[in-house]
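To keep things clear, I will list the structure first and then write my remarks on it.
The values are calculated or read from the model by the stated rules, or taken from the named source; none is laboratory data. Keep in mind it's a predicted model, so treat the numbers as computed, not measured. FYI the Cβ positions are ideal-geometry reconstructions off the backbone, even for glycines, and counts take in every protein chain you see.
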Amino acid sequence: MWTTFKNLGGLELFLTSAITLYVSLGIVAIVLLFISRSSRNYKEKLEIKYTPAVETVLFSLLFFNKSLEEVLALEEYKSNYKKKTFKKVLLASAFKLHINYSGDFNEKLNEFYRKTKLINVSMAKFHSEDWDQVCTGIRELTQFNVHDIEPELQKYLITKSTNTILQLESILGLIRLRGVEGLSILLNYKKPVNDWVQTNILHAIRHSDRTNVPDFSIFLKSKNESVVVLGLRLIAMFNQGKHSDLINEMFMLNGLGRVKNQAELTLDKLASINLG
Amino acid sequence: MTLDSFIVNFNQFIFIFSTVVMCAYLILAIISVQSLTVYLKENSFVDYEVVLSSDLAPRITILAPAYNEARTIVENVRSLLTLQYNHYEVVVINDGGNDHSIELLCQAYQLEEVKFNIDKVFQTEKIVAAYRSTNTAFKKLLVIDKKNGGKADALNVGIMFASHPYILCVDVDCILSKDALLVLAKPFLEKSETRIIATGGVVRVANSCEIKGGSLVEIKPPKKLLPRTQIIEYLRAFLLGRMAWYKLDGLLIISGAFGMFDKEIAIKAGGYNRKTVGEDMELVVRMRRYMIEHKQKYQVTYLPNPLCWTEVPETFKTLGNQRRRWTRGTMETLWTHRKMFFNPRYKLLGMLSIPYWVFLEYLTPLIELLGILLTIIFIMLGIISIKYIGFFILFAYGYAVLFSILALLTEEYTFHQYKKFSHFRKLLVAAFIEPVYTHFYLLYAAFMGNIEEIQGVKVWGEMKREGFANVKKANYSNVK
């Protein structure tokens, strides 16, 4: 029997094939490791290379009172604007500045974004097949106040996608564009809005335009329990104490559950604000 | 059975068994890599700062048991007190060490003894005193002094003192990344409709890393080869193993150095088991078992982010102590929950996770050791083909190296923690050396763990650490 086993050519073939496969895959993996390292280093170096030019362009526009035309005539811009990495660094820097500044600075950046056609880069992402690219596109376009995409955002939210991250980005995008009013899209929203999404929404609202704050009691009529909970949290956040009786009624009528718990928390918060 | 037929059957068994083990690891690795890719893509849009300002973020109590940690405890506690999170407290449990930890903490944080009144849900060793700071800057800190009872006993005391619904159990000498709690909070907010009973995280190797003020400043591979090979081992386990088990909903172990639990369920399940040295794995299995037996929906989650950094053994002696203890812990857990073994009532846990742990985690080192010993005997007797043995060794070695390179490749494409090329080269070399340098010693340690368990050894064994500031100390040594 042992002789038979020893003479098994199949086993030898299997072992040699497996070893060859391991060696080949190992070499491929090591090559991939080196390629990944090299390309990462190359990209980093390229980004570092373009950073001074990008800073010159953007700082001239924002802090040295140069007109847009003058900025676009700068050598730093003219010699680089067709390069992909330059555009990438320029867009990322303009995006960061837009988050950190407001008023006239942002108006200038909005104009710059359109005039330099960086908007087209974001639009290409927005119309991409990859959901993560779409999310990036939404962030960029809504940060630079491109209102044209609002209908598309609503579609993403209601019908077009089941991807929760894309939906969250759509809601946050609408809040960036419309301020608190952007939340109106949730009135007829049927899917659950989990606490992570609500945390993001509440955070976005804290940093958004808070003029024309609507009456949030309208959310309490939703058939979507999670939207009701969000409504209760918004009432507490904006101290809409006039709804205390309605919330109290909800607290008494609801059985155990999230709405009852949140109603209690909202009532406590409203009471503490009024006492304070 | 004749000797010839025994040899044939033995060879076939070893060959088939090793092929099954290799395939299982490969399948898990494929699932892990796929899940990691999705996780990272989704996570690239996460802004953890939203958690910082949110009232919805879960309230967390950090439990840090300490045993003879005097030389570094003040700094380590400071590190825990400066995490980026609003809703948390830190409970340090001094487990009856014989150094001056309590005096040092009292001095550094202006602690004074306070009266305490707890619901004594667990039997524990005597609680000597509780301390709080008179300085409001340290109001998050509570220090408990108790008689020595082991890590599980200390953690049970911590659970009784925890005032928040979630407990994060950490080793006091671990370095947590500053945003660790923010990252941990996300799944609890995201899955607000499901009860998450436990969340595990990745533990990374901190030896030779630069640490200042309790924070990791620069990540470097260890200078010594032994801890460097353990990086490869940790990457394989955490990036290519546990992520897959999380995805399959079959995760049985959450590292004792860094794991978050639902306090209520932990108490209902009976808390940490004081009779085992594998209390981390045992608690997870028991909590899951409790939820299944009580027909409650639940989830155990896992975060692949590098959030917790620990010091791994730098000598073979310490490594052996640690691995013998791990083997005993595994044996005790599997034996305690033997009812789950191939029991369809426990679904995937019973039909896949527990059998995997029995055959592939627990039995594999023993079978491998037996195989090596018998092969040596057969070679000495001249009754086995050297050619086939050579092929088989290359087959096993090739797989081990390939799998380690895959782990490094995954690290490179995901978290990219080792930035310098020279650092990465050192790890690559370690991947080639590890199968011959540490593997056989680990097989021996696993075997000795079995012997100790049969002998009824219950000690933790000395776990000497070099310390991040080259401080020598002994943790949980000879604790019952």
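Given the structure, is B:I377 more than 10 Å from every other protein chain (Cβ to nearest Cβ) and under 17 Å from A:V23 (Cα atoms)?
no
Among the listed residues A:S222, A:S226, A:S217, identify the single one that is within 9 Å of chain B (Cβ to nearest Cβ) and more than 23 Å from A:N106 (Cα to Cα).
A:S226
Here are some residues: B:E218, B:E193, B:E210. Which one is within 14 Å of chain A (Cβ to nearest Cβ) and without any contact (Cβ under 8 Å) to a residue 12 or more places away in the chain?
It is B:E193.
When you go through (1) in contact (Cβ under 8 Å) with a residue 12 or more places away in the chain; (2) surrounded by fewer than 16 Cβ atoms within 10 Å (Cβ to Cβ) one by one for A:L234, which number turns out not to apply?
Unmet condition: (2).
How many residues does segment B:1-58 hold that are assigned to a helix (DSSP H, G or I) and closer than 29 Å to B:I384 by Cα?
23
Might you check whether a residue that is modelled with pLDDT of 95 or more, touching a Leu at 6+ places or on another chain (Cβ under 7 Å) and not β-branched (V, I, T) occurs anywhere in segment B:328-335?
Among the residues of segment B:328-335, not one is modelled with pLDDT of 95 or more, touching a Leu at 6+ places or on another chain (Cβ under 7 Å) and not β-branched (V, I, T), which makes the answer no.
List the helices (runs of 4 or more DSSP H) inside segment A:208-276, counting only whole elements, that have at least 1 residues being closer than 15 Å to B:D55 by Cα and modelled with pLDDT of 85 or more.
A:225-237, A:258-275
Run down B:G398, B:G371 and say which single residue is at the interface with another protein chain (Cβ under 10 Å from one of its Cβ atoms) and within 19 Å of B:F17 (Cβ to Cβ).
Matching residue, one of B:G398, B:G371: B:G398.
Would you mind stating whether B:Y346 is in a helix (DSSP H, G or I), out of contact with any strand residue (DSSP E or B) (no Cβ under 9 Å at 6 or more places or on another chain) and surrounded by 20 or more Cβ atoms within 10 Å (Cβ to Cβ)?
yes
Among the residues of segment A:228-246, count how many are more than 14 Å from A:P214 (Cβ to Cβ) and within 25 Å of the chain's Cα centre (by Cα).
Looking only at that region, the number is 4.
So, A:L25, is that one at pLDDT below 95, surrounded by 14 or more Cβ atoms within 10 Å (Cβ to Cβ) and facing chain B (nearest Cβ under 9 Å) or not?
No; evaluated as a whole, the condition is false for this residue.
Quick one: which of B:I383, B:I389 is modelled with pLDDT under 90, assigned to a loop (DSSP other than H, G, I, E, B), more than 30 Å from B:S101 (Cα to Cα) and touching a helix residue (DSSP H, G or I) at 6+ places or on another chain (Cβ under 7 Å)?
B:I383
Take B:A430 and tell me if it is closer than 27 Å to B:V217 by Cβ, modelled with pLDDT of 95 or more and away from every other protein chain (no Cβ under 11 Å).
yes
Run down B:F421, B:F392 and say which single residue is surrounded by fewer than 16 Cβ atoms within 10 Å (Cβ to Cβ) and facing chain A (nearest Cβ under 9 Å).
B:F421
From A:E44, A:E12, A:E55, grab the single residue that is acidic (D, E), in a helix (DSSP H, G or I) and more than 14 Å from every other protein chain (Cβ to nearest Cβ).
The unique qualifying residue is A:E55.
Would you point out the residue of segment A:66-80, among those that are assigned to a loop (DSSP other than H, G, I, E, B) and aliphatic (A, V, I, L, M), that is surrounded by the most Cβ atoms within 10 Å (Cβ to Cβ)?
Only one residue tops the list, namely A:L74.
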